[in-house]
Amino acid sequence: MSKYARRFKRCATAEPRANQALELKWKARTKMARVVIVGCGKRGIELAGLLRADGHAVRGTTRTRTRVDELEAAGIEPWVGDPDRIATINYSLENATILIWALASAEGEAEAVEPLHGTRLQMLLERTIDTTVRGVLYESVGTLPDDVLAAGAAEVKKACDKNEIPWALIDADPSDAPSWALSAKAAVDELLTRDRG
């Protein structure tokens, strides 16, 4: 039992208003999460700032070590891994509550980028079953072809519905990082409060 739960229990006979305040504080503490952003670029850093302001821990993936300092400076726990090699990303999910797949504007050759929204995404989603991930957020609007992103969104829906993991889509304009981050944060908040029934 956490110290907040013990304190709440001790105050059970105290004034109702004090109990309500303590209960809200305790509930807020229990909703803190570790969010993993796969593809933590400019928009991911913007989102991380909003999440950290709410007390959440953020882990961001990058393909290169050259961005580690940038992520650390933004208060993000960096994880060097390539989403094309799921084994390098898989362990980033350790103790994570929310997985964000923010690769709708991934750059590279079509043969390399399209599997990120197909077979690679499918493989990672299959592995989330054995993790602490309790919500998946998929970026469904970006510079990649609409059919590629629609297939990725369908894969998220299929895998998450099958495994009863809450999911949502980020469909905000990726060219407006602040608005995108606000939309993504609202989706994270919704996933964290969704009843898993």
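Quick note: the coordinates plus some simple rules give every number you see, no bench work behind them. Note that the structure is a prediction, hence the values are computed from the model and not measured. In this analysis, Cβ positions are derived from the backbone assuming ideal geometry, glycine residues included, and neighbour counts consider all displayed protein chains.
Taking 0.36 nm per residue of sequence separation and removing the Cα-Cα distance, the ASP189/GLU164 pair yields an extension gain of 7.2 nm.
Please quote Rg/Rh for the range 128-181 to two decimal places, taking the Kirkwood radius as Rh and restricting both calculations to Cα atoms.
1.02
Neighbour counts of C-beta atoms inside 10 Å place THR131, THR61 in the sequence THR131, THR61, starting with the fewest. Taking amide H positions as modeled 1.01 Å from N, with prolines and chain starts lacking one, the residues under 5 Å from LEU169 and 5 or more places away or on another chain are TYR138. Using only the Cα atoms, work out Rg/Rh for the range 34-193, with Rh taken as the Kirkwood radius, to two decimals. Looking at the range 34-193, the ratio lands at 0.92.
The label point for ALA151 and the one for GLU70, both projected 7 Å from the Cα toward the Cβ, are 2.9 nm apart. Place a point 7 Å from Cα of ASP173 in the direction of its Cβ. Which residues in the range 36-54 have their backbone N less than 17 Å from it? What the label zone holds, given the 17 Å backbone N cut-off, is 43.
Let me check I've understood the local charge: for ASP82, count other residues with C-beta under 14 angstrom from its C-beta, Lys and Arg +1, Asp and Glu -1. What total comes out? Its environment carries a net charge of +3.
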